[in-house]
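Peer 1: Could you have a look at this structure, given as structure tokens, before my questions?
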Amino acid sequence: MSRNYLANHNLLALSLLLKETGLNTEQTLSHALLVEAGDIIGLTPRRESNADEANGKEEPDDVYHLGFLADTTLNFNKAKPQDFMLGLGFGFGSVSTAAYGGGYKHTITPLAGLEHPSFTAAQRLGRTIMKRRFASLFIDQVTSTFAKDSWAKCVASVKGTGKYTDTMAKEEITAAYNAASLTLAANGVQGADAPTRLDNVHQIRVLVPATGEWVEVAYSAVSDASPAVITITPSGGAATSTTYEVIYAPTEAAWATFPARVTEPPLRVTDLVVKVGGKWNGSAFLGGRTLSSEIESIEHVLNNQMLIEYRVGGTGTYADYAFRQGRTQTIKLNREMREFILQQRLLDNEDLGVYMKATGAEFESGKNYYVELVFPKCRVLTAPISVNGKVLAEAGDLVVLEDAAYGSARCEIANEIATLAA
């Protein structure tokens, strides 16, 4: 067996360009993004035993299968503009795109409605273990962090309906207990060469006719035909008909060919501009105080409180309802306390605008990658004073409010990707 199960070979691809046309309707995968090796999209099984039923026994003797939900946390620890596109674009939900030289500017604002855009994702586990596609994933929460002397970071918490498709199959074959080969019903086995095809058969077991237990079956070759013929070591001397179970990777569907990664430079916090206390007029951020070396970190959290449920009319194997229960946003500012300004804003309960712009390298002359965040109306909730090493520090917790004219937030991302959640 030469299957490669190193986690660094994991890959994630998703439909960044296009949102799904309907709930549980898979969209075309367009981009492969770099997440942490440990970020796995998981299926959460919904199971109930019959422990609360009078089954005539002290303990339960059955488990009911009630389908799945999906969830994950995607960590972009060296965040690029495309990573913020996923988190903020699908997180806020409303996107418009305009030309920016040979590239594009994506303007992202909070969606007014409660039905959010969803995306499709697929994940490869290891290099050769398996691939799984997930329909209808939603951004539940996204945290954008800019800390001193580090890369910009974007962490997206994702919830999904649990609809999935694997590149794996299980097949039961009726054959003699002393058979030397098994022929699949219709499928070929994935792999352009004999060793790969052999690796793509994960298990064969046989039901022993006389005693009724499953035992492993050794296999040595897989043909390139469709249906494939698998050479096995005969399990017994009798020609008694019995059942074989084969777990294998059939010839892959088109979605299992992942798109190439689009190369972008990650954003460094040294290239961040932060302004607090100014005014957004719909096209520019006016005034305010520019913060620089006193900043330890600044963090924005968007929480959509996504509710995903099984409702009447569904399939029973995945959820058929998704709903944003109410958006909340906060900003956390950790800084050296060099003056009394933030404390005064807290005492006065004053509205203040917040502006952030992280600028990256040029993708063409005069045109840079960037992520710009504007919050027209915020207020300081708390600003506790502490000591960090040998200097005074304060942690400003700001709540993002909804401005009557300009809403609660505006995000603008510039890069060379043509569309976002279109």
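Bear in mind these aren't lab numbers, they're just calculated from the coordinates by the rules spelled out. In this text the structure is predicted, and so the values were computed from the model without any measurement. Here Cβ is always computed from backbone atoms with ideal geometry, including for glycine, and neighbour counts include all displayed protein chains.
Peer 1: Towards the positive end of the charge dipole of the range 1-153, with charges on Cβ (+1 Lys, Arg; -1 Asp, Glu), say which of 64, 32, 114 has the farthest Cα.
Peer 2: Farthest along the dipole direction, towards plus: 32.
Peer 1: So between residue 387 and residue 181, what do we pick up on full extension, going 0.36 nm a residue minus the alpha carbon distance?
Peer 2: Using 0.36 nm per residue and subtracting the Cα-Cα distance, I get 66.8 nm.
Peer 1: Now, a different point. From the residues 257, 284, 330, which one has its Cα farthest along the dipole of the range 209-366 in the positive direction, the dipole being from +1 and -1 charges on Cβ of Lys/Arg and Asp/Glu about the Cα centre?
Peer 2: Going by the charge dipole, the pick is 284.
Peer 1: Please compute the contact order of the chain in relative form: average sequence separation of alpha-carbon pairs under 8 Å and at least six residues apart, divided by the residue count, as a percent.
Peer 2: 18
Peer 1: By how many nm would the segment from residue 359 to residue 61 lengthen if fully extended, with 0.36 nm per residue of separation less the alpha-carbon distance?
Peer 2: Contour length minus the Cα-Cα distance gives 101.3 nm.
Peer 1: Given R₀ = 35 Å, what would the calculated FRET efficiency be for residue 347 paired with residue 307, taking r from the Cβ atoms and rounding to 0.05?
Peer 2: For residue 347 and residue 307, the calculated efficiency is 0.40.
Peer 1: Place a point 7 Å from Cα of residue 419 in the direction of its Cβ. Which residues in the range 97-131 have their backbone N less than 12 Å from it?
Peer 2: Backbone N within reach: 97.
Peer 1: Mark the label point 7 Å from the Cα of residue 225 along Cα→Cβ and return the residues of the range 163-178 whose backbone N is within less than 12 Å of it.
Peer 2: Those under the cut-off are none; the list is empty.
Peer 1: With +1 on the Cβ of every Lys and Arg and -1 on the Cβ of every Asp and Glu, and nothing else charged, how large is the dipole of the range 264-411 about its Cα centre, in debye rounded to the nearest 20?
Peer 2: So the dipole magnitude of the range 264-411 works out to roughly 140 debye.
Peer 1: Can you find, among 92, 123, 45, the residue farthest towards the positive end of the dipole of the chain? Put +1 on the C-beta of Lys and Arg, -1 on that of Asp and Glu.
Peer 2: About the Cα centre, the residue reaching furthest to the positive side is 92.
Peer 1: So how far apart, in nm, are the two label points at residue 405 and residue 290 if each is 7 Å from Cα heading toward Cβ?
Peer 2: Distance between the two pseudo-spin positions: 2.4 nm.
Peer 1: Grab the Cα-Cα distance for residue 270 and residue 283, subtract it from 0.36 nm times how many residues apart they are, and report the gain in nm with one decimal.
Peer 2: Extra length from residue 270 to residue 283 when fully extended: 2.2 nm.
Peer 1: Another one. Quick one: putting +1 on the C-beta of Lys and Arg, -1 on the C-beta of Asp and Glu, what dipole do you get for the chain around its Cα centre, in Debye to the nearest 20?
Peer 2: Using only the charged Cβ atoms, the result is roughly 1200 debye.
Peer 1: In addition: With +1 on each Lys and Arg Cβ and -1 on each Asp and Glu Cβ, and nothing else charged, work out how big the dipole of the range 169-251 is about its Cα centre, in Debye to the nearest 20. The partial results should precede the final answer.
Peer 2: Working: 3 positive and 8 negative charges, 17 e Å.
My answer is approximately 80 debye.
Peer 1: Tell me, how many Å apart are the Cα centres for the range 287-323 and for the range 65-125?
Peer 2: 11
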